[in-house]
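Encoded as structure tokens, the structure appears first; notes follow it.
Every read-out reported here was derived from the displayed coordinates using simple, explicitly stated rules and does not represent laboratory data. Note that the structure is a prediction, hence the values are computed from the model and not measured. Cβ placement follows ideal geometry from the backbone for every residue including glycine, while neighbour counts extend to all protein chains displayed.
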Number of protein chains: 4
Amino acid sequence: MPIARVHRLAASGPDDASGLEAAIQAGAIDPGGILAIFGKTEGNGCVNDFSRGFATQSLSLALARHIGPERAAEVCYVMSGGTEGAMSPHWTVFERVEGDGLAGPALAIGRVHTAALPAEALGRLGQVDQVAEAVRAAMRQAAIEDPEDVHFVQIKCPLLTNRRIGEAEARGVTVAVRDTLKSMGLSRGASSLGVAVALGEVPRSAVSDVVIGRDFSLWSARASASAGVELSHHEVVVLGRSAAWSGLITIDHAVMADAIDIEPVRAALARVGLPADGQLDPRQRSHLVALLAKAEASPDGELRGERHTMLDDSDISSTRHARAYVAGALGGLVGRSMIYVSGGAEHQGPPGGGPVAVIVER
Amino acid sequence: MPIARVHRLAASGPDDASGLEAAIQAGAIDPGGILAIFGKTEGNGCVNDFSRGFATQSLSLALARHIGPERAAEVCYVMSGGTEGAMSPHWTVFERVEGDGLAGPALAIGRVHTAALPAEALGRLGQVDQVAEAVRAAMRQAAIEDPEDVHFVQIKCPLLTNRRIGEAEARGVTVAVRDTLKSMGLSRGASSLGVAVALGEVPRSAVSDVVIGRDFSLWSARASASAGVELSHHEVVVLGRSAAWSGLITIDHAVMADAIDIEPVRAALARVGLPADGQLDPRQRSHLVALLAKAEASPDGELRGERHTMLDDSDISSTRHARAYVAGALGGLVGRSMIYVSGGAEHQGPPGGGPVAVIVER
Amino acid sequence: MPIARVHRLAASGPDDASGLEAAIQAGAIDPGGILAIFGKTEGNGCVNDFSRGFATQSLSLALARHIGPERAAEVCYVMSGGTEGAMSPHWTVFERVEGDGLAGPALAIGRVHTAALPAEALGRLGQVDQVAEAVRAAMRQAAIEDPEDVHFVQIKCPLLTNRRIGEAEARGVTVAVRDTLKSMGLSRGASSLGVAVALGEVPRSAVSDVVIGRDFSLWSARASASAGVELSHHEVVVLGRSAAWSGLITIDHAVMADAIDIEPVRAALARVGLPADGQLDPRQRSHLVALLAKAEASPDGELRGERHTMLDDSDISSTRHARAYVAGALGGLVGRSMIYVSGGAEHQGPPGGGPVAVIVER
Amino acid sequence: MPIARVHRLAASGPDDASGLEAAIQAGAIDPGGILAIFGKTEGNGCVNDFSRGFATQSLSLALARHIGPERAAEVCYVMSGGTEGAMSPHWTVFERVEGDGLAGPALAIGRVHTAALPAEALGRLGQVDQVAEAVRAAMRQAAIEDPEDVHFVQIKCPLLTNRRIGEAEARGVTVAVRDTLKSMGLSRGASSLGVAVALGEVPRSAVSDVVIGRDFSLWSARASASAGVELSHHEVVVLGRSAAWSGLITIDHAVMADAIDIEPVRAALARVGLPADGQLDPRQRSHLVALLAKAEASPDGELRGERHTMLDDSDISSTRHARAYVAGALGGLVGRSMIYVSGGAEHQGPPGGGPVAVIVER
């Protein structure tokens, strides 16, 4: 019977695989069981963020020394750039082992790599469908039947660079957008609608090229997408609860309606055994294995009726502002800064808000 | 008997005096009674932030139309740049009117402009002493005798530019630092130690040129200093409680030990009548007239033992990171984003933390 | 008979009108004769650049003390943000005096303020037509009949902010673009096509909403447009040669085909009396009263077949990169850094290149 | 008899080793002969620039596939971050082959890796001496006896991070500076004084901890130092002319007195066979194999008496400004953008200027 194990490891830099190596040496992690590694890396989280690719290369090299390059390549590396504010760079390692753990339902994990996405499909229906299919496959792998049991779907999706745009146009096709930073948002948006379709949150018939990146009334409560220059396909990781899995780890989720809407997260923490009026106390914190959240600047330029300046700032991308701010709001709630807040929440939760998953050890 | 009134006005840009104008026209503010205006303006909050000077010029022009340029110049304009995250640009207008309000002790306000600070005194004992003297004078003006009744001292202090350094060196003197961004920190630090000396938090004998900007075990729990290129002297505003004042407004303060240490602020809110387990509810929020806080990246590079990257980021100043993050933590507590978080907390609260004042209408 | 005089004044900050004041006091400038002031101010040159508005407010306040606020408001203030690299912040004051100068043709100046541009017209034909009409009016004012005698048309045009977009959408109209930084490019582009239409460089029939910001084969060799948050109308200044004007000052122009194409500028300098094989020598430099240029990152991501990274950089806007780089190329040619290089050259010169004007004292 | 070969390869990203791989496959490069690879990578060139480490890891992995990891580790990888303006990311591969080339003197190459530098020695005499010794060893390797025959010494040196500082202080020692960005400048400065000592440009007795980073009247005309987080030792590459080497490649150098002082570079180009009044023509350009230069913002805040804003800009590091600007000035001279301009020229050329090497194929 599968058991999910989740390990949070500090990273001293994008290429720091020493924590992973130490955990393998100590027998705490079986490298052959690793399904996915989520990373918060300290780049700008935007187009020219090489910390993500550097991390992926470094972690896969480290794993390859133990399990060979082919199996190391099967792991889903989901690197999310940007540790603004006091967010602490770290890796979250998702491992599947066999054994008899505490009876479930417990955390269940499925992961899929898609084929490469042609540049002209990015931000369009082709991407939605490719991701939806991958989510369904990952659910099967995780032994999750009911979409209601899915609590988070993490996607790593590609973006357009000037070069990729040029190659596409040389082939005679058009791309959805020529602005490379904007392409990150479209890619996240289309991927998230793919999740929403797979989970039954949005009917497939409601999605068209026109609504992607525009009609934000369509969203998933459980999608989290992160774009990066370091891949041209998708990595899809489904996290949920399944009675076919056992062990100490469980998961729940919440949706923040805006950047400081922390009360739904407080409620989710209470549901999985960590109730707190104020900030989580040190003992509770030690049970919080991972907090995964999405953040974005509300597109109407306001938060609860008061103007913010994130979208008019030409020095700092709004995604960087939003990550710092939401990481502060959630840090104030849970009392620690080693959490995973990813920027750009197009079609991921309501405009200006976003989904949050909490993973705890019971 | 004096009554302190405090008005929070949204600003659509650094030069937006329309809210002030409207309040004057509506009779809500008596321009002749304005003692100080604190502003959060949307520049970078660092050396080349012209939003602060633009705001000061625009607000004083607006006031001059009502009370003449001379009296408009007597107002303390304390512009703090940087509205990172969803912090909302706004003005907080402090007004003194005469009348019979709700019996005190109530909010009491004193304000002093110092003489210009020579460039060579910046970040040194000369600045400490000039500020300490000004704080004492402002306390007398506010009719506050016991330093314990002072809950916040807001300082606007100068910085060094390349030009000012050159002029000083041409006069044959040396400056404390030649890095202009660093000069902001030293100026904030020396000003804050001036507050600490005046309030009896640090003995004068413990302060020397050597400890300024270095020995952060010396700090004030109530100082808040903000440096700017737009002035060469200090503006000093003392906020406290005095039985000689009346009215609905009161104040208290807390000290955050680190960037997510929000529980002391929750306690201060409770002490002034706004108790809340989770986030303040909408009715409570409407009583919170102002929240004034300091933020900084902890100088040891860690928050609760976990690494942050703010001090190694060469793209975004650590003060910008810290403002966004702390504004998020406090926004999560109070449920709104129109708060005043100022960056750079040298000798203002413990390293990595900072003082917070809450001003509420009873 | 009119004489054009051009004064270049160093600025120690966006609000530094002391050089202007000193020149007026010394009788070198007649404040009543000032037609326009071009400024390079030290903001980011993008959406949230308040150095431009601060400069306009400060210079117009200084002039108002001499000629009253109404006549001060008639001056065209064209503030271009961004002094990247070693570009030196300065004001270029264009003055018209009456007298008998050296027989012309000499520099002739015309200037027009348009009405406010509705947000929905920005980046569309409405803006093209409004600007074209203004250029024709300014030519008449300058006594220039032949469009060939126009050597530079400087436009200051508005941009969209989140607030302006919201107001337009509340009126039920759509805007050309919702990205505020992008709106600067569209506004510059439409303005420049307005110049091209007025000067006969592009037929009116070739311009439609679709080509603006897209078909860069349409361009003006003499347009220079700079967008700013500080105005909602256009300022249009036509610079050319006219036999109806006299005096020592003349003008010519060149078009750079790319960011390092300095040889056409060298040729233009030679035509107006400053021939040089290498860098201008100190005596020649003293005759160069102004150099006005446009710069942009080539939209295909390459310079002479070699990749540049300006369009994939999410930390620094490509306009900032391009200004620094082109200012270096032109600084290497003319031997000084107090030149006016403005970013964003949509429809201003060929893609990746831009127009350059040289104004010299004979 | 050794022949130096130099290859310039475009890079599509920090991890793009495809050009190197293709050249090896085509037989154009013998991987066993590679002594050093200089790279311009597209990070910020400051503390948190991971593009340098990513490039080093990627290139060494590619080489290891051909010559094994041990010999791949012997290559000097000198990655200089920052391709501001239109500078084009690329690798310059220095190769030593045996054969009978065109009789020398020709380009001669020596390279040395030092031991790791303790954090407390950085920016102090210990670093000066370690580098001076390495330069002498590299000269011997290159068969260059007379220091006058050395035309460029490229150093890659370490920097301090918050973590390294903490480790040093935990050992009870102090570091020269606690500001990580500043540590880059001190490291470059001490390394460059090491070159100056080795080449006899500055007497060893004139150097002390106090002058490093302060007395910029001491400088080398041929040192180029680049700091990076990706190493803790030094890579030292000496480039000069030696009669013991043969082949088509030669080298000369110039010193720019300020950021737009391009005439000395024009003279150096003429000395090695590329005379040009204006910009190099396409045929000449094809002979220019590499141009290596240093750039910095002049520390007095002026260029030829006119103020620049690079040192007061808190949004963009002055090194980024200076690289863009100087790359523009040199690009205007040589007519191409694939050149190597490295930022931070402490003790490398006079204040505000810097050394430039030109490597040409005869």
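Enter the per residue convex hull volume of region D:321-362, computed from alpha-carbon coordinates, in Å³ rounded to the nearest integer. Display every interim value, and only then the final one.
Numbers: hull volume 3.5 nm³, N = 42.
Here the figure is 83 Å³ per residue.
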Legend entry - Cβ-placed point charges (K, R +1; D, E -1), dipole of chain D about Cα centre in debye, nearest 20: 340 debye
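Starting from the Cα gyration tensor of region A:59-112, take the square roots of the eigenvalues, sort them a ≥ b ≥ c, and report rounded, prolate or oblate (rounded when a/c is under 1.5, otherwise prolate if a/b is larger than b/c, else oblate).
It is oblate, given that a/c is not under 1.5 and a/b is not larger than b/c.
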Inset, instruction - With the Cα gyration tensor of region D:106-239 in hand, give its eigenvalues times 5 under a square root as the equivalent ellipsoid semi-axes, listed largest first in whole angstrom. - result: 26, 15, 11
Inset, instruction - Using the 7 Å Cα-to-Cβ label point, sort the distances from D:ASP215 to its equivalents in the other copies shortest first and give them in nm to one decimal. - result: 3.2, 6.7, 7.4
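I'd like to know how region C:181-244 sits against the 2.2 N^0.38 Å rule of thumb: what's its Cα Rg over that expected value? Before the final figure, lay out each step's value.
On the way: Rg = 12.7 Å, N = 64, 2.2 N^0.38 = 10.7 Å.
So the Cα radius of gyration is 1.19 times the expected 2.2 N^0.38 Å.
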Inset, instruction - With chain D rotated onto chain C, spot the residue of D whose Cβ lies nearest the axis and note the distance in whole Å. - result: D:GLY328, 1
Inset, instruction - Go through B:ALA72, B:VAL47, B:ILE29 and say which Cα lies farthest out towards the positive end of the charge dipole of region B:1-77; charges sit on Cβ, +1 for Lys and Arg, -1 for Asp and Glu. - result: B:ILE29
Legend entry - Euclidean distance of C-alpha centroids, region A:6-68 and region C:144-200, integer Å: 48 Å
Inset, instruction - With +1 on each Lys and Arg Cβ and -1 on each Asp and Glu Cβ, and nothing else charged, work out how big the dipole of region C:254-361 is about its Cα centre, in Debye to the nearest 20. - result: 500 debye
Legend entry - Cross-link pairs beyond the 26 Å C-alpha cut-off, checked among A:LYS156/D:LYS156; D:LYS156/D:LYS182; A:LYS182/A:LYS294; B:LYS182/C:LYS294; C:LYS156/C:LYS182; C:LYS182/C:LYS294: A:LYS156/D:LYS156; B:LYS182/C:LYS294
Inset, instruction - Please compute P(r) over all alpha-carbon pairs of chain D, binned at 20 Å starting from zero, and give each bin as a whole-number percent. - result: 32, 61, 7
Inset, instruction - Using the 7 Å Cα-to-Cβ label point, sort the distances from C:GLU169 to its equivalents in the other copies shortest first and give them in nm to one decimal. - result: 2.8, 4.8, 5.1
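With Cβ to Cβ distances under 15 Å as the rule, what net charge do the other residues near D:ILE67 carry (K, R +1; D, E -1)?
On the way: positive: D:ARG65, D:ARG71, D:ARG96; negative: D:GLU21, D:ASP30, D:GLU70, D:GLU74, D:GLU95.
With Lys, Arg at +1 and Asp, Glu at -1, the neighbours total -2.
What net charge do the residues around C:ASP258 carry, taking every other residue with its C-beta under 13 Å from that of C:ASP258, with Lys and Arg at +1 and Asp and Glu at -1? All intermediate terms of the calculation are to be shown ahead of the outcome.
Working: positive: C:LYS294, C:ARG304, D:ARG336; negative: C:ASP261, C:GLU263, C:GLU296, C:ASP300, C:GLU302, C:GLU306.
Within the 13 Å Cβ shell, the charges total -3.
Quick one: work out Rg over Rh on the C-alpha atoms of region A:254-361, Rh as Kirkwood radius.
Numbers: Rg = 13.8 Å, Rh = 13.9 Å.
Over the Cα atoms of region A:254-361, Rg/Rh equals 0.99.
To one decimal place, what Kirkwood hydrodynamic radius in Å is obtained for region D:2-98 from all pairs of distinct Cα atoms? Provide the component values of the computation, followed by the final result.
On the way: mean 1/r = 0.0751 Å⁻¹.
After inverting the mean inverse Cα-Cα distance, the result is 13.3 Å.
Over all directions, how big on average is the projection of the convex hull of the alpha-carbon atoms in region D:160-318, in square nanometres? Don't jump to the answer; show the numbers that get you there.
Working: hull surface 52.9 nm².
Result: a mean projected hull area of 13.2 nm².
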Inset, instruction - Determine the calculated [θ] at 222 nm for chain B from helices alone, applying -39500 (n - 2.57) to every DSSP H run no shorter than 4 residues and normalising by the residue count; nearest 500 deg cm²/dmol. - result: -10000 deg cm²/dmol
Inset, instruction - Counting only DSSP beta bridges with both residues in region A:254-361, tell me the antiparallel percent, nearest 5. - result: 70 percent
Inset, instruction - With a point put 7 Å past each Cα toward its Cβ, work out how far A:ARG178 is from B:ARG214 in nm, to one decimal. - result: 5.7 nm
Legend entry - Spread of Cα-to-Cα distances over 10 Å intervals beginning at zero, given as percent, for the protein assembly as shown: 2, 8, 16, 21, 21, 18, 10, 3, 1, 0, 0
Inset, instruction - For A:ARG204, place a label point 7 Å out from Cα along the Cα→Cβ vector, do the same in each other copy, and report the separations in nm, one decimal, smallest first. - result: 5.2, 7.8, 8.1
Legend entry - Cβ-placed point charges (K, R +1; D, E -1), dipole of region D:1-95 about Cα centre in debye, nearest 20: 140 debye
Legend entry - DSSP bridge orientation in chain A - percent antiparallel, rounded to nearest 5: 70 percent
Legend entry - Within region C:131-287, percent of DSSP bridges classed antiparallel, to nearest 5: 55 percent
Legend entry - Farthest toward positive dipole pole in chain C [+1 Lys/Arg, -1 Asp/Glu at C-beta], among C:PRO299, C:LEU107, C:THR309: C:LEU107
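Enumerate the helices in chain A for which the Kyte-Doolittle hydropathy averages -1.0 or more and the C-alpha atoms extend at least 15 Å along the helix's axis, using complete DSSP H runs.
Details: long enough: A:51-74 (24 Å, -0.21); A:125-142 (26 Å, 0.02); A:180-198 (27 Å, 0.72); A:318-334 (24 Å, 0.41).
Those that pass (Cα extent of 15 Å or more, hydropathy at least -1.0) are A:51-74, A:125-142, A:180-198, A:318-334.
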Inset, instruction - Provide the per-residue ³J(HN,Hα) series for region B:203-213, in order, calculated from phi with Karplus coefficients 6.51, -1.76, 1.60 and θ = phi - 60°, each as a whole number of Hz, with x at glycine and proline positions. - result: x, 4, 5, 7, 9, 8, 3, 5, 7, 5, x
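How charged is the neighbourhood of C:VAL197? Take every other residue with its Cβ under 11 Å from the Cβ of C:VAL197, and add Lys/Arg as +1 and Asp/Glu as -1.
On the way: positive: C:ARG136, C:ARG204; negative: C:ASP129, C:GLU133, C:GLU201.
Net of charged neighbours comes to -1.
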Legend entry - Of A:ALA116, A:ALA221, A:ALA17, the one that fluctuates the most in a GNM where chain A has Cα springs shorter than 10 Å: A:ALA116
